[in-house]
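Novice: I am attaching a structure below and will ask some questions about it afterwards.
The values are calculated or read from the model by the stated rules, or taken from the named source; none is laboratory data. Bear in mind that the values here come from a model prediction, so they are computed numbers and not experimental data. With ideal geometry, Cβ positions are generated from the backbone for all residues, glycine too; neighbour counts draw on all protein chains shown.
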Amino acid sequence: MPRALSIVRTSVAGRSTRYRQIEPTAGDRPLLLVHGLACSSDAFLPTLEHLAEAPRGGLVLAADMPGYGESEGPRQALGMASLGEWQARFLDAVAVERAHVVANSMGCQVALALARQFPERVASLTLIGPTTGDQLESPLRYALGLVADSVFESAAYNLTLMRMTAQMGARRYLASAREMLRDHPIALAQSVQCPVLVLRGRRDWIIPDRVAMRLAEALPRGQFSHVSRVAHAIQFDRPVELCERLSAFIAEVEASSADPELEETGKTGHG
């Protein structure tokens, strides 16, 4: 039987937070999904639905960050470091000590901030189409890439993105985009000590190969892989392949953590 996928509310830092969860039926380490700019946990729905089809597995969590989706937020937009700290407070609220983290787009910067500030909470990172602030891409390049990318996304994702963006509102969107651009995760990459898998869709017009590969190379335990026939939203348009890649990566991470000699090996890459 499929596992239950439900919508739950809790309080994080004194504000109401909506999140989706899949109940655990095994003792696997929890999985935390982190959405990007102008998104919400809705951006992970196809992946969540696929994970719920598995009869066994660990707890899966995907929260709307403050000011996104249906979660309350402060009047001002939060920066990447503050959102990373918020993810740690969310894990506190749901009594999770440590998780494998999967993020998309700007959510990758949030996930990297979480790993830098609270390394004990993050077992691994899987970064899908990671943005990297304005260190390697200008605001204009991002904007043009966003327009071009929509041509290669599914109609279902484009409609979902339009709805999530309207939910956020133009003022918070622009303020959050400024915070995203100010954050430079490549410059801070050496502080991230957990294993990291960087994924980029070959049709992704928002994040060029050179950017995703530069991030993977800067991370002490980073590796890079392409996903064919998909653009920026791999988690929405190719959930089955994402879950297969994720399962293999997490199994590798868990095996290496159980065997210190394996953990000492260098970077690896998958085609």
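Novice: Which of the following residues is more than 26 Å from Ala177 (Cα to Cα), modelled with pLDDT of 95 or more and within 14 Å of the chain's Cα centre (by Cα): Val60, Val8?
Specialist: Exactly one residue qualifies, and that residue is Val60.
Novice: Looking at Ala187, is it crowded, with 19+ Cβ neighbours inside 10 Å and either within 27 Å of Ser150 (Cα to Cα) or free of Cβ contacts under 8 Å to residues at least 60 places away in the same chain (or both)?
Specialist: Details: crowded, with 19+ Cβ neighbours inside 10 Å: no; either within 27 Å of Ser150 (Cα to Cα) or free of Cβ contacts under 8 Å to residues at least 60 places away in the same chain (or both): yes.
For Ala187, the condition - crowded, with 19+ Cβ neighbours inside 10 Å and either within 27 Å of Ser150 (Cα to Cα) or free of Cβ contacts under 8 Å to residues at least 60 places away in the same chain (or both) - is not met.
Novice: Could you please give the count of residues in the stretch 62-91 that are touching a Phe, Trp or Tyr at 6+ places or on another chain (Cβ under 6 Å) and crowded, with 23+ Cβ neighbours inside 10 Å?
Specialist: 2
Novice: Within the set of pairs 6 or more residues apart or between chains, which connect a residue that is without any contact (Cβ under 8 Å) to a residue 12 or more places away in the chain inside the stretch 5-19 to a residue that is in a strand (DSSP E or B) and among the charged types (D, E, K, R) with Cβ atoms less than 6 Å apart?
Specialist: Arg9/Arg18
Novice: Which one of these is assigned to a loop (DSSP other than H, G, I, E, B) and touching a residue at least 12 places away in the same chain (Cβ under 8 Å): Arg56, Arg116? Before the answer, list the steps.
Specialist: On the way: Arg116 fails: assigned to a loop (DSSP other than H, G, I, E, B).
Exactly one of Arg56, Arg116 is assigned to a loop (DSSP other than H, G, I, E, B) and touching a residue at least 12 places away in the same chain (Cβ under 8 Å), namely Arg56.
Novice: Could you figure out which of (1) touching a strand residue (DSSP E or B) at 6+ places or on another chain (Cβ under 8 Å); (2) surrounded by fewer than 16 Cβ atoms within 10 Å (Cβ to Cβ) isn't true of Val253?
Specialist: All conditions pass for Val253, except number (2).
Novice: Could you count how many residues in the stretch 220-244 are more than 16 Å from the chain's Cα centre (by Cα) and assigned to a loop (DSSP other than H, G, I, E, B)?
Specialist: Of the residues in that region, 5 qualify.
Novice: What number of residues within the stretch 224-233 satisfy the criterion of being touching a helix residue (DSSP H, G or I) at 6+ places or on another chain (Cβ under 6 Å) and surrounded by fewer than 23 Cβ atoms within 10 Å (Cβ to Cβ)?
Specialist: Selection size over the stretch 224-233: 1.
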